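*Asks:* One structure is given below, represented as structure tokens, and several questions about it will come after.
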Amino acid sequence: MAIVAGAIFLGAVVQGSSGLGFNLTAAPIVNSIMPGPSSVGLINLFALLQNSWLLTRERGRIHWEAFRILGPSLAVGVLIGFAMVKLIPDAVMPILIALSALASLITLAFWKSGARPADGAIAGVWSGAINTYAGVGGPPVASYLINQGWAHGDFLRTLQLVFIGIDIVSLPILGLPALPWWFYAIGVGCLLIGTGAGSLLRRRLSQAQAVRLSRTVIAVAALTSLIYSTITLLG
């Protein structure tokens, strides 16, 4: 329980400081100790709460026209993710989630999506599938939206709304773990405190420093979870 709460706090700090990374940080850690789709559902639930909160705090216009392209492709991706949940054994899920987090981090760092509709379709399918299965599908759609030439606030608010939609759709597919009510209350507290701490950290760091810190934390969390999950599976 303490590790799960700590993962929620750490993920919230990362997203609060850099604008992205809650799922990438928390999902590999939580699933390595609670294998199965419901642990991804748990992280997506808290991501839904955080994205909803950040949506109200940011200033900017939501570009609804982006959903004409992203909506259908995200739906296709969700269906692919649903098939993965049903077909892939739970025992290997922690390893695949850790690898997915590392792949998403590499995507965030190096993949430069174009701004064409075809690029949006690829990003939507990719994000929908990986976020439904592993909870770490944010970078492809973020890479697509950031190249639209919008103001930063417009980008963030539109991105948060995309994440909210994916999280809402994925929750009935993944379910939630049977944890006591007080844990969810503690989780919300960790989420709020972590996001606030990340926001304070963002004011003290340059954007480049915040991005480097977040990517380092994500990489360490994913690699540690990958090693732990591999040893557990083989042992």
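*Asks:* Sequence gap at least 6, Cα distance under 8 Å: using those rules, report the relative contact order of the chain to the nearest whole percent. It would help to have the intermediate numbers written out before the result.
*Replies:* Values: 382 pairs, mean separation 90.0, N = 235.
Taking the mean separation of contacting Cα pairs over the length of the chain, I get 38 percent.
*Asks:* Mind telling me which of 47, 178, 12 comes out most flexible in a GNM of the chain, alpha-carbon contacts under 10 Å?
*Replies:* 178
*Asks:* Follow-up question, since we're still on this one. Give me the Debye-computed log₁₀ of I(q)/I(0) at q = 0.14, 0.16, 0.22 Å⁻¹ for segment 49-162, equal point scatterers on Cα only, no solvent, two decimals.
*Replies:* -0.57, -0.74, -1.24
*Asks:* Considering the Cα positions of segment 2-234, please state its Rg to one decimal place and its Dmax as a whole number of Å.
*Replies:* When restricted to Cα atoms, segment 2-234 yields Rg and Dmax of 16.3, 49 Å.
*Asks:* Given a 10 angstrom Cα cut-off, can you work out which residue in 99, 48, 87 is the most mobile in a GNM of the chain?
*Replies:* 87
*Asks:* Helix hunt in the chain: which complete DSSP H runs extend at least 18 Å axially by C-alpha with mean Kyte-Doolittle at least 1.0?
*Replies:* Working: long enough: 2-18 (24 Å, 1.71); 37-57 (30 Å, 0.72); 67-87 (30 Å, 1.71); 93-110 (25 Å, 2.25); 117-134 (25 Å, 0.48); 152-174 (32 Å, 1.26); 181-204 (35 Å, 0.72); 207-234 (40 Å, 1.13).
Answer set is 2-18, 67-87, 93-110, 152-174, 207-234.
*Asks:* Calculate how large, on average over all directions, the projected area of the Cα convex hull of segment 106-228 is; give the answer in nm² to one decimal.
*Replies:* Numbers: hull surface 37.3 nm².
For segment 106-228, the mean projected area of the Cα convex hull comes to 9.3 nm².
*Asks:* Something else now. Given the options 159, 45, 205, which has the most mean-square fluctuation in a GNM of the chain, springs set between C-alpha atoms less than 10 angstrom apart?
*Replies:* Maximum fluctuation in the GNM of the chain, among the listed residues, is at 205.
*Asks:* Take 211, 30, 220 and order them by how many other Cβ atoms sit within 10 Å, fewest up front. Write down the numbers at each step before the final one.
*Replies:* Values: 211 18, 30 28, 220 11.
Lowest count first: 220, 211, 30.
*Asks:* To continue, here is another question. Go ahead and estimate [θ] at 222 nm for the chain from helices alone: -39,500 (n - 2.57) per DSSP H run with n ≥ 4, summed, over the residue count, rounded to 500. Write down the numbers at each step before the final one.
*Replies:* Details: 10 runs with 191 residues, N = 235.
Calculated from helices alone, the mean residue ellipticity at 222 nm is -28000 deg cm²/dmol.
*Asks:* In which sequence would 144, 228 go, from the one with the fewest C-beta neighbours within 10 Å to the one with the most?
*Replies:* Numbers: 144 28, 228 17.
Listing 144, 228 from fewest to most nearby Cβ atoms yields 228, 144.
None of the figures in this text is laboratory data; all of them are computed from the coordinates on show. Quick caveat, the model's predicted, so the values are computed rather than measured. Here Cβ is always computed from backbone atoms with ideal geometry, including for glycine, and neighbour counts include all displayed protein chains.
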